[in-house]
Every structure is written in C-alpha cells, then in structure tokens.
Amino acid sequence: MKRIIILMLACTMVLGAVATSSATEFKAAGTLDMAFQWLDNPDPKSANNGDYFNAIQRLRTKIDIIANESLKGVYYLEVGTIRWGDPITLGRGSGGALGADGVNVETKRLYLDFQVPDTELQLRMGIQGLALPSLANNNPVLDDDVAAIVANYSFTDQYNIVAAWARAADTENYSTNGSPTSKTKYDVFTVILGLNFEPVTLVPYIAYGAIGRNADVNSRAGGIITATADRDAWWLGLSAKSNYWENLNLAFDFVWGWSDGSDMAVGAAGNPNSRDQSGFYALLHADYKMEYFTPTLDLWYSSGDDDSVTGDGEFMPEISAGGLALTNLGTDGGFFDTTDNAFTTSGIGTFGAVLGFTDFSFIEDVTHDFKVAYMQGTSEYSSSSLVNTFPTDEDRAWEFNLDTNWQMYENLAAIVELGYLNPDYKGVDGEEAVWKAAIGFQYSY
C-alpha cells in the first residue's frame, strides 16, 4: 500500500509539472533561404573585373515564449549566411566547405516584452530590432539589431509615444587609477510620436547620440576613427503617409542630422567624420493600385559633401542604415543577400528616381516587377579629395530590373532577379556595365 501511495504521489508531481509547463506557450516562425547568383563586372568602379557565381543559404527562426497576452520572451537565432564551399569552420557563416560541421549559430535578438499591469505602457528590453521611423522606405540613420530598452505608451488609438535608449557600443576601459571610463561607450536616445489621423499618419521624432571618444560613429570612409574628446550627434525626422485618394498611396521620409567631428584625432583628415557634419535625406514614394498592375514612383535626394577637408561638411551622419531598398543591384533591394549596393547602400550622398510597374501577372501565382532607375552622387567632385570614394556629382548610373515571384506553395516561393546597371564614373576610364542574374527560394514557416 505504501508503494502505491508513493507511486500515486510521483504521478501527481509529474502531472503537476506538466500542467505548470503547459501554461507557457512556445511559437516558432521564420524562413529558410537559398540563393544562387551570377554577376558580371561586380565592381563598377574598376575596368578590370570578370564574373563569378556563388551559392548561399541562411536560416532565421524566431521563438516566442509566451506566458500570457501581456508577457513574453523572444529568442531570434540565425544560421548563416553560409557560402557554399567556404572553408571557414568557426564563426558567422561558417560550415560551407566539404565536410560542413560549422559552428555558426548566431543570436540576432533576445528580449523581454511585457505590459506594465493596469497601464497602457509596453516595455521591451534586450537585444532587439530597433529602427527609427520610415514609412516610405528603410530609415537611413538606424535600422538594425541593438541592445536597448523601448517604452511604448498609447494614449488613444490616435496618439502614442515611444522612448528608447540603445547602447550601440561599450568596450570597458579603465583609467590609470583603475576606475572605469566612458571613452568607448556609444548611446542612442530617441523619442517618437505617433499621430494617426486617418487617412493621414504623421510620425515626428528626435534622436541623440552620445559618442565616446574611442567609439566610432559610422564613418563612411571605413575604419574606426578615434577622437580626442567625446562627441554628439543629433537627428530630427518626420515620416508620413496618406491613402486619402482611393487606390493612391503616398509616403514621405525626411531626416536632418548633425554630428560633431571637430575633435577627431590627427590623421583622420579627409574622412567625412573628421569635421562637423550636417545634412539631410528625403524620399517620396507613390503607388497607384490598378486592376492588372501597380505603377510606382520613388524620388530621393540627400545632401553630399564638398571638395574641402576644412570647414563643415554636408553629409548626414548615420549609425547603421537599413538600406535603400528600391532596386536589386544599384541599391539595397535584393532578395536575401544577393548582390546589390553597387551604387549606394543607404542613399546618403546621392539622389535618384525609380519608376516601376509592379504586381503584374500572366500566370496564376506568378507576379513580376519591372523597374527603371537613374541615380547620381551629390558630393562635389575633386581630383584630390577622399570624398571621391563616394558617388560624386560627376558619377551616375542607369539601372533596369525585372523581378519574378512564383508562389509555388503557400509556404514556398521562388524568386528570380535580373539586373543591369550602366555606370559612368568621373574617375574611371573604361568601366563596364554590371549584369546580375539570381534565383532564390524562401521557405516560410
């Protein structure tokens, strides 16, 4: 009898444990991506380059650990991007060579998301995706994963406010007496207002970057540039959209930014961040939905630098841009990690126009997008200035895209990207056109 009672108690404990664990719900979602791409003349600034082919893959999985509708934790992992044949066996993107077995699991995001009881305040803290507002395209200042605390308070369905603190960098440094310093810390603070006046939405915001003297503000010339003193950076922006007219959608992004570079270290001359910088970026998007296709128009302009390395510059500073996702070759609009960014990544320091005819179809479940684009730099050309590493006002390009999406199954899509970029660079003789052909497969679960 005693053994039976003990057995019953053990079963009760097991069932109790199961009941307790079942109160937490796990949900997984993500994508498994494959891409095969061929590129001819991959470097448009060089007259001497050939063609190449590569194959890549990536897995992204987001796991929600849900206690209730007001509390959850999120773990977002990535395996890749793995290039087939890559001999690296340890670290990001490893395991593509013969034998595979790469150690390549990355933590993209890991955060806690909860609502403060009896309030409309939502808090999210941890490594998360954080983007400044962008209703027309990706934000050119900040759109990336970062460790942050974000607070969102809804006053009504029309009004809400978001405040965030992000720590972009923190490499501990100590002074001679052993006390920690803040020389390598990089903090970003932002306040965002959401104003929803249907059919018009307005999102004004302000952001501030406190940059330690040894923490780099994204220097477009590359490399970590140190300073002799801490620096500041400010951004003011406005995003807006409207669907006031039937079938016509309009969206607009504007941001102005300033950064202090006057205390940059000697040797940084010629780098845009070696002096004070202030500039702006604006993008207008319009599309009109018709029965058989959707015409689209995107226009953007961003201030560029002058040909001097003295005085203030006119580049808008950035932290980690989301990428100008307009075309599949000249800008950052390619599927997965297929080759793009041949002319510009964020759009800063350039202007251009993209005319598209999208979502047209001749076969069920198969859609096509055709785009033609013109883009040019806005920085003043100089034969001696390092500013020529960016597109200048003497550099331009035409681009043509044809993208196809075949929804093979509900969860599996095949994507084909064809791109042609015809560049004309002031400082390059005999540059050739860039050709791209890529096919990708995306399994969504």
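Derivation of every value follows stated rules applied to the coordinates shown; laboratory data play no part. These numbers come from a predicted model, not from an experiment. No Cβ is skipped: glycine too gets one built from the backbone with ideal geometry, and neighbour counts run over all protein chains shown.
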**Request:** Determine, from the Cβ-Cβ distance of ALA67 and ALA353 and an R0 of 51 Å, the FRET efficiency 1/(1 + (r/R0)^6), rounded to the nearest 0.05.
**Result:** 0.55
**Of LYS289/LYS371; LYS241/LYS371; LYS108/LYS241; LYS27/LYS108, pairs whose Cα-Cα distance is over 25 Å** = LYS108/LYS241
**Fill in**
GluC sites (Glu not before Pro) in the range 327-411 lying in a DSSP loop, each with at most 14 other Cβ atoms within 10 Å of its Cβ, come to GLU364, GLU410
**Item:** Label point at LEU248 placed 7 Å out along Cα→Cβ; residues across the range 134-161 whose backbone nitrogen lies under 19 Å
**Value:** 136
**Request:** Give me the aspartates and glutamates in straight-line cross-link reach of LYS72: C-alpha distance below 12 Å, same-chain residues under 8 apart excluded.
**Result:** GLU25, ASP64, ASP113
**Prompt:** Given the Cα-Cα distance of GLU364 and PHE114 and 0.36 nm per residue of separation, how much length would full extension add, in nm?
**Reply:** 85.8 nm
